[in-house]
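Read-outs throughout are calculated quantities, based only on the coordinates presented, and are distinct from any laboratory measurement. All of these numbers come straight from a predicted model, not from anything done at the bench. We place every Cβ from the backbone using ideal geometry, glycine too, and count neighbours over all the protein chains shown.
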Amino acid sequence: MKFNIKVAAIIAIFSSGMLVFITAILLYKGHEHLMMLRISNSKEVIHHFDMALRETALWSLGLLLIVTVISSVLIASAITRPIQELNGLALKLVRGDRNLSIGYTINDQIGQLGRSLKQLDETLNVYEWRRKEMTQDLAHEIRNPLASIKSYLSAFEDGVWTATPDRLQACIEELDRLIMLVGELDTLNDINSPIFQVNMSVQPIADLIEKSVVSLASELLAKEIQVKLDLDKTIHAKVDALRLNQILHNIIKNSMYHIQEEGSLFIKLYIEKNDYIILVRDNGVGMDEETSEKIFERNYRGGNRYTGNGIGMTITQKLVEAHEGTISVKSEKNIGTTFCIHMPIST
C-alpha cells in the first residue's frame with residue numbers, strides 16, 4: 001500500500017471513529033433528557049423524537065464521513081507530496097545524478113531534510129570532482145616514472161646506453177618515487193579510515209624534533225642548509241611520536257625544496273597558553289598567495305620549486321588535526337615560508 005493511502009486511511013479511520021462516538025453520545029443524551037420531561041402521551045413523542053434524532057444523526061454522519069474521506073485524501077496528499085519528492089531526490093542521488101533542485105522550500109522539518117539532501121548533493125558533487133581530479137593526477141604521477149624507467153631499460157636493451165651506475169641510480173630514484181607515492185596513498189587511506197587512531201603518550205617534544213632533524217641531516221648537509229634550533233626542553237606533552245616525526249619530516253622536506261643552496265632553516269618550540277607551538281621558518285623562494293592557501297589540499301602543486309606528489313601536506317594537516325591541533329602557513333615570495341603548528345599540551 002502506498003504511503004499516501006496509508007496516511008489517508010489513518011486520518012479517515014480516526015476521524016470517523018470520533019464522529020461515530022460523538023453521534024452515539026448525542027443520541028443517548030438526547031433520549032435521556034427527553035425521558036426526564038413529563039409529557040402526556042410521552043411514548044409517541046419520544047418515539048418520533050428518537051426517529052428524527054437518528055435520521056438527522058445518520059444524514060449528518062454520512063455527509064461528515066464523505067467530507068472526512070475527501071479531506072483525508074487531500075491532507076495525506078499534501079503531507080506526503082514533499083516526502084515523495086525527497087524520496088525521488090534521494091533515489092536520483094543513489095543513481096549518480098547531481099545538481100538537483102528541490103521544489104519544497106517551507107522552513108519546517110521536511111524543508112530542513114530537503115536542504116540537507118541538497119547539501120549532500122553538493123558535497124557528493126565536490127567529492128566526485130575531486131576523485132576524478134585525483135585519478136588524473138595519480139595517473140600522471142605514476143605514468144612519468146614508469147615512462148622514464150621504460151626508456152632507460154629500452155636504451156639498455158637496444159645497446160644505445162651502457163648500464164652505468166649513474167643511469168641505474170636514475171632508475172632506482174624513479175622506482176623510489178613510485179614507492180613513496182604508494183606509501184603516501186596508503187597513509188592517506190589509513191588517516192581517512194574511521195578506525196584511525198594516534199597512539200598518544202607523554203613525550204619530550206624537543207627530543208622528538210631533534211631526532212626528526214637528525215634523520216634528514218644528510219640531505220640538509222648536501223644542500224648546505226644551516227639549521228638553527230630554539231627548543232624549550234621542559235615541554236612534555238601527549239603525542240604520537242611516530243606521527244609527529246612524520247609531520248616534521250613533511251614540513252622540513254617541503255622547506256628544503258624551496259630553500260636555495262646555503263640557505264637556512266629555523267625551528268622553534270615554545271609554550272603559548274595551553275598549547276605548545278612548533279615554528280618552522282625558512283628563507284627560501286617562498287610561495288605565492290594561491291599556493292599558501294591551497295597547499296594543504298589533496299593533489300595540489302603550486303607553480304614553484306616544489307615537485308612533490310601533492311599528498312604530503314594533506315597528510316600533515318590530517319595528522320595535526322588527529323592530535324586536536326592546527327597548522328597554518330605564511331609565505332612571501334623571495335623572503336621565505338613559516339609553518340606554525342599549535343598542539344594542546346594535554347589531550
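See the values below:
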quantity	calculated
Peptides ranked, highest mean first, by Cβ atoms within 10 Å: ranges 12-24, 72-84	72-84, 12-24
Ranked R95, R243, criterion: other C-beta atoms within 10 Å, fewest first	R95, R243
Karplus-derived HN-Hα couplings along the stretch 274-287 (A = 6.51, B = -1.76, C = 1.60, θ = phi - 60°), whole Hz, x at Gly and Pro	9, 10, 10, 10, 10, 10, 10, 10, 10, 10, x, 6, x, 10
Flagged links, alpha-carbon separation over 21 Å, of K132/K253; K233/K268; K238/K318; K223/K318; K223/K330; K211/K268	K132/K253; K223/K318; K223/K330
Sequence of K268, K330 once ranked by neighbouring C-beta atoms within 10 Å, starting from the fewest	K330, K268
Stokes-Einstein translational diffusion, the stretch 201-344 - Kirkwood Rh over all Cα pairs, 1.002 mPa s, 20 °C, in µm²/s	141 µm²/s
Rounded to whole Hz, the Karplus (6.51, -1.76, 1.60) HN-Hα couplings of the stretch 152-163, x for glycine and proline	4, 5, 5, 5, 5, 5, 7, x, 5, 10, 9, 6
